[in-house]
Amino acid sequence: MSVHALRKSASSSFVFVGIGLPIEASAPAYQSHGTEGSHLTNITNTKKAFPVLAVNYEHVRKPFEIALWILLALLMKLGFHLIPRLSAVVPESCLLIVVGLLVGGLIKVIGEEPPVLDSQLFFLCLLPPIILDAGYFLPIRPFTENVGTILVFAVIGTLWNAFFMGGLLYALCQIESVGLSGVDLLACLLFGSIVSAVDPVAVLAVFEEIHINELVHILVFGESLLNDAVTVVLYNLFEEFSKVGTVTVLDVFLGVVCFFVVSLGGVLVGAIYGFLAAFTSRFTSHTRVIEPLFVFLYSYMAYLSSEMFHLSGIMALIACGVVMRPYVEANISHKSYTTIKYFLKMWSSVSETLIFIFLGVSTVAGPHAWNWTFVITTVILCLVSRVLGVIGLTFIINKFRIVKLTKKDQFIVAYGGLRGAIAFSLGYLLSNSHQMRNLFLTAIITVIFFTVFVQGMTIRPLVELLAVKKKKESKPSINEEIHTEFLDHLLTGVEGVCGHYGHYHWKEKLNRFNKTYVKRWLIAGENFKEPELIAFYRKMELKQAIMMVESGQLPSVLPSTISMQNIQPRAIPRVSKKREEEIRRILRANLQNNKQKMRSRSYSRHTLFDADEEDNVSEVRLRKTKMEMERRMSHYLTVPANRESPRPGVRRVRFESDNQVFSADSFPTVHFEQPSPPSTPDAVSLEEEVPKRPSLRADIEGPRGNASDNHQGELDYQRLARCLSDPGPNKDKEDDDPFMSC
Amino acid sequence: MGSRASTLLREEEIEEIKKETGFSHSQITRLYSRFTSLDKGENGTLSREDFQRIPELAINPLGDRIINAFFPEGEDQVNFRGFMRTLAHFRPIEDNEKNKDPIASEPLNSRSNKLLFAFRLYDLDRDDKISRDELLQVLRMMVGVNISDEQLGSIADRTIQEADQNGDNSISFNEFIKVLEKVDVEQKMSIRFLH
């Protein structure tokens, strides 16, 4: 949101107030003011005992208070989730606001001035992480499929809301009995524009918990993100004009132009920074540790740069995240990816918590001017205008959609239009010269409370009641990927036959352009040639292998390794050991060298991985994987291991080994068959992955079943377990892997 | 251009096509002009060469299969009726059709007919099963030449493993429907034909 307006406002410093800890003023250890010095020379005459213990609160006050607030906020959040029934009924945002109210009340009782949600703090520190998190993990496919609908809701819907509310409130103010005849039209329109925008923070907080189907989720959420441009323009427009007092046609025209400049400019700024980030990530193969920082900093710079030019910061942030993601993820290591994900979720979670708590505190703190009619009318008008807007727009939109929006969808879209902290901060930014500022603030807070509490709490039972389609939890499926891509090609072809340049045609053109030109520049090494299908498959297999290890199924190998020294050569243990080596080598190779990503649909703030990723190991699959493994192992052990030179093309696309779906059951009982013909020697190119284990290779060439092999195997295994669980000191080899994403 | 009287579309033909495929009058005329523009031989039918001249199909990995889908079994020419019948699969499903009387024959653009169309593109030998080889062929067409057969084989195996429920190492039509149940086929397999 427009920080530039802050220049007009008086408050531009952090308004944290201490809670009055007792302070013992003593000479601070490290400060050396001039006066202090002279003071010291005065008192050295009277020698005091050397201060063994001194308290100097002023020294650390600001960081201390900030840390304390954040800690308290997080402890509150922790507390909620420990009370199971409460968190199931009441959305977290409501609870946090209540906590904020309590804390604010407490502070007021003590006699201090409760801090208010400072707008600069909000727009510069608290909002960006949430938006970046949303933008980086934005589900692209549903978003682009519905972008037309989203834009219509965001732009036209917000305009409708603003003018409808502003106009009707002005009409209300004209009524003598209300006593607000001093409010002019522009002020009302300004108020309307502030309160009409759907808030992404509130929407995220509430929708995340109800797991609604993807279409409705992306509609409401996308709308909340894209309406920022409209809000910026309207707010600035009316703010400017309310000073002047008149609006001409030229101004309106300039306003429209401004809208395009703001939105497209924001997207452009974001895209530029996104490409810069992607390009930078191409060269980070030797400095893996700072990779996440590039992502965060470039995004933040995009936000700040666009705010500097009065463009839409939110759209810049979204554009940056969306543009940079495919390329960055092709270049960075797995650990960096995990870091980025965790940090974004963490920061956005903290921000959200703080925002809601501060909303509560500010409510207690802020100056209030209560006018029953105005406030109640505002709340009612919000609802009415939202409902009318959604219904009207859907009626028009459905004429152009393939999949129409049903009445249930419309209801949820309308009901999910929550207002939140952005509206409050914008209201707070209004300079005190507006005589209605306090009244507006009160009304905004009431609307926010109403939407968050009433709508937030009731949306979940309503979703259940209306039996709205929920999000289908689905594991990533190679079938879906293949068939979806297949259908893409099919539809593009049919569009070509019809001579119809539609959605698929342009998507295909963009893909082609991306593949030939853009990827070449932005993706390191040879990765840019890898088809998406292959990358997806590899990641899926890898993820399964990791899950097998993490769920403790592989360690069952270890005991048998130890006992193997005592076992006579029988087919079963020997095969187990072979398999174990194979598994170890494959896992190590894949983990060391390659691209892994957990493909999770990262909407939720609370869970980072999809909960239901269990392998359903069926008998058929079990047997098949056993067959595969046996086939492979017989190769590794018969083909000499000096085939190390990998072809560049094969190196990158090595999921030959990925197709190992292991399960605990397979180890003790083994039935092997040889169904398929032996694989080509190229399969053994794995050997190149093990340059630091010469002894192991020697083992392969030598006779099987020697004791040293077992011991080595054991060390191997432990090393692997360590690799997987805890990053050790010399993990350079491991980190040396770029990884890709779909 | 010569006399094209024999290839002009008659009203009753339009009506028949309308009934069979559900396209509107204007859509049929528009597609007919497209048909004639593709028909370089001007004999009222399209041959494979006519399709291959379309640039989008030339670069499409599935180009050949799509072309084949237009031609009925063993024939080399497709007339306008056949052309429309194939295209009818891609018409968006309308709400009023969903509630239609189930006794009437299923429209060409129903969800299962769309899926059947896609299924037939995989299943060239029409044995109602997508075998490993058929899947491999499609995968090879989609990913290009850089990937080795081995690797593609693994993907194919994995795909069949995921989908196969009756253990016949191939994907039947019902299994195909099942794996795609989460995909919004109505939207994915529909083209918004201009009115």
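The values are calculated or read from the model by the stated rules, or taken from the named source; none is laboratory data. Please read these numbers as outputs of a predicted model, since none were measured by experiment. Here Cβ is always computed from backbone atoms with ideal geometry, including for glycine, and neighbour counts include all displayed protein chains. Remember, those area values only see protein heavy atoms, side chains included, never the ligands or the DNA or RNA. Shrake-Rupley method; radii C 1.70, N 1.55, O 1.52, S 1.80 Å.
Tell me what chain B gives for mean residue ellipticity at 222 nm when only DSSP H runs of n ≥ 4 count, each as -39,500 (n - 2.57), the sum divided by the residue total, rounded to 500 deg cm²/dmol.
Working: 12 runs with 105 residues, N = 195.
That comes out to -15000 deg cm²/dmol.
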Its Cα gyration tensor gives region A:433-481 an equivalent ellipsoid whose semi-axes in whole Å, largest first, are 41, 17, 6
Counting only DSSP loop positions in region A:433-485, the GluC sites (Glu not before Pro) whose Cβ has at most 12 other Cβ atoms within 10 Å are A:Glu473
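With the Cα gyration tensor of chain B giving a ≥ b ≥ c as the square roots of its eigenvalues, does the rule (a/c under 1.5 for rounded; else a/b larger than b/c for prolate; else oblate) give rounded, prolate or oblate? Spell out each step's value before the answer.
Details: a/c = 2.49, a/b = 1.46, b/c = 1.71.
Verdict is oblate for chain B.
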Row for region A:213-355, column shape: gyration tensor on C-alpha, a ≥ b ≥ c, rounded if a/c < 1.5 i.e. under 1.5, prolate if a/b over b/c, else oblate; value prolate
Taking Rh as the Kirkwood radius computed over alpha-carbon pairs of region A:311-452 and applying Stokes-Einstein at 25 °C with viscosity 0.890 mPa s, one gets a diffusion coefficient in µm² s⁻¹ of 132 µm²/s
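For region A:438-540, which whole-number percentage of the solvent-accessible area (1.4 Å probe, protein heavy atoms only) is attributable to carbon and sulfur atoms?
On the way: 2590 of 4150 Å².
In region A:438-540, the share of accessible area belonging to carbon and sulfur is 63 percent.
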By the mean-Cβ-within-10 Å protection proxy, highest first, B:37-43, A:287-293 rank as A:287-293, B:37-43
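Would you tell me the mean number of C-beta atoms belonging to other protein chains that fall within 10 Å of each C-beta in B:179-185, as a whole number? It would help to have the intermediate numbers written out before the result.
Working: counts 6, 6, 3, 5, 7, 6, 2.
Average per residue, whole number: 5.
Total accessible area buried between chains B and A, 1.4 Å probe, in Å² to the nearest 100?
Values: alone 12150 and 34960 Å², together 41940 Å².
Result for this pair: about 5200 Å² buried.
How big is region A:423-531 by the Kirkwood estimate over distinct Cα pairs, in Å?
Numbers: mean 1/r = 0.0499 Å⁻¹.
For region A:423-531, inverting the mean 1/r across all distinct Cα pairs yields 20.1 Å.
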Note: B:141-147 gets an average of partner chain Cβ contacts (10 Å, Cβ to Cβ) equal to 6
Kirkwood Rh for region A:69-192 from C-alpha pairs, in Å, is 19.1 Å
Taking Cα atoms, the helix B:111-122 axis meets the longest principal axis of chain B at an angle in degrees (rounded to 10) of 70 degrees
Expressed as a whole number, the average count of other chain Cβ atoms within 10 Å around the Cβ atoms of A:468-481 is 3
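Hey, can you find the accessible area per residue of region A:369-431 for me, probe 1.4 Å, expressed in square angstrom?
With all protein chains present, region A:369-431 gives 39 Å² per residue.
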